[in-house]
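Some notes on the structure that comes next.
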Amino acid sequence: MARLPYVDPADAPEPVRDALGRVPPLNIFRMMANAETAFWPWLRWGATLLGDLQLDPLLRELSILRVARLTPHAEYEWVQHVPIARAVGATEDQVSALERDDPEAPCFSGAERAVLRFTTDVVEGARASEGAMNELASILSPREIVELLMVIGQYMMVARVMATTHMELDEPAGPEALSAAG
């Protein structure tokens, strides 16, 4: 059982009710809606990260799955993003490798491994090592690196909300629900 209440759209202020009507009926949205004035800007921010970056969507999703695996009690994030990762090109081997904590598996390209090493450094130590940063800078543009940092930060925050509030798992919404909400 969640430690905080989920917002009931019927009882929510109009702007929150309107925003909840635009997204899939997932616990993450109903939990985040408790932050009434930050909810709509947070939804727009999330939509930007999921749909309007130069960063390759596959690299984004592999990074999100890595954040989920490195964060205790972040099963919700994993469950929601595995289908999205698959939809943007992640293979079963890649998902399985991340699930078993093997970001160096041969199923990943050099660029994918570099993103996963960078993500691991940022999640575990708050900043990337010189080696991880230099490797990534040889592959991605400054814009893509900053976008990746934004994705990592967003999903670290969301994972901590999920873990702290003990959110119950929802069935995966899948990529089509995100497109509709976008």
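Every residue, every condition in (1) assigned to a helix (DSSP H, G or I); (2) open to solvent by less than 20 Å² (accessible area, probe 1.4 Å); (3) closer than 19 Å to Ala87 by Cα, yes or no:
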| position | (1), (2), (3) |
| --- | --- |
| Tyr6 | no, no, no |
| Ala10 | yes, no, no |
| Asp18 | yes, no, no |
| Pro25 | no, no, no |
| Thr37 | yes, no, no |
| Arg44 | yes, no, no |
| Ala47 | yes, no, yes |
| Leu55 | no, yes, yes |
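Of everything in the range 128-179 that's assigned to a helix (DSSP H, G or I), at pLDDT below 95 and among the small types (Gly, Ala, Ser), which residue is farthest from Ile84 (Cα to Cα)?
Among those residues, the one meeting the criterion is Ala163.
How many of the residues in the range 117-149 are open to solvent by less than 40 Å² (accessible area, probe 1.4 Å) and over 20 Å from Leu49 (Cα atoms)?
Count: 2.
Is one or more of the residues making up the range 94-116 assigned to a helix (DSSP H, G or I), surrounded by fewer than 16 Cβ atoms within 10 Å (Cβ to Cβ) and of a type in the set (A, V, I, L, M)?
no
Could you tell me whether any residue of the range 70-86 is more than 14 Å from the chain's Cα centre (by Cα), among the β-branched types (Val, Ile, Thr), open to solvent by 20 Å² or more (accessible area, probe 1.4 Å) and closer than 22 Å to Thr165 by Cβ?
Within the range 70-86, not a single residue is more than 14 Å from the chain's Cα centre (by Cα), among the β-branched types (Val, Ile, Thr), open to solvent by 20 Å² or more (accessible area, probe 1.4 Å) and closer than 22 Å to Thr165 by Cβ.
Residue under question is Val115, and the condition is that it be free of Cβ contacts under 8 Å to residues at least 12 places away in the same chain and among the β-branched types (Val, Ile, Thr); does it hold?
Judged against the criteria, Val115 is not a match.
The values are calculated or read from the model by the stated rules, or taken from the named source; none is laboratory data. Predicted, not measured: the structure shown is a model, and the values here were computed from it. So basically every Cβ, Gly included, is an ideal-geometry build from the backbone, and we count neighbours across all protein chains shown. Please note that ligands, DNA and RNA were not included when accessible areas were found on the heavy atoms of the full protein model with its side chains. Shrake-Rupley method; radii C 1.70, N 1.55, O 1.52, S 1.80 Å.
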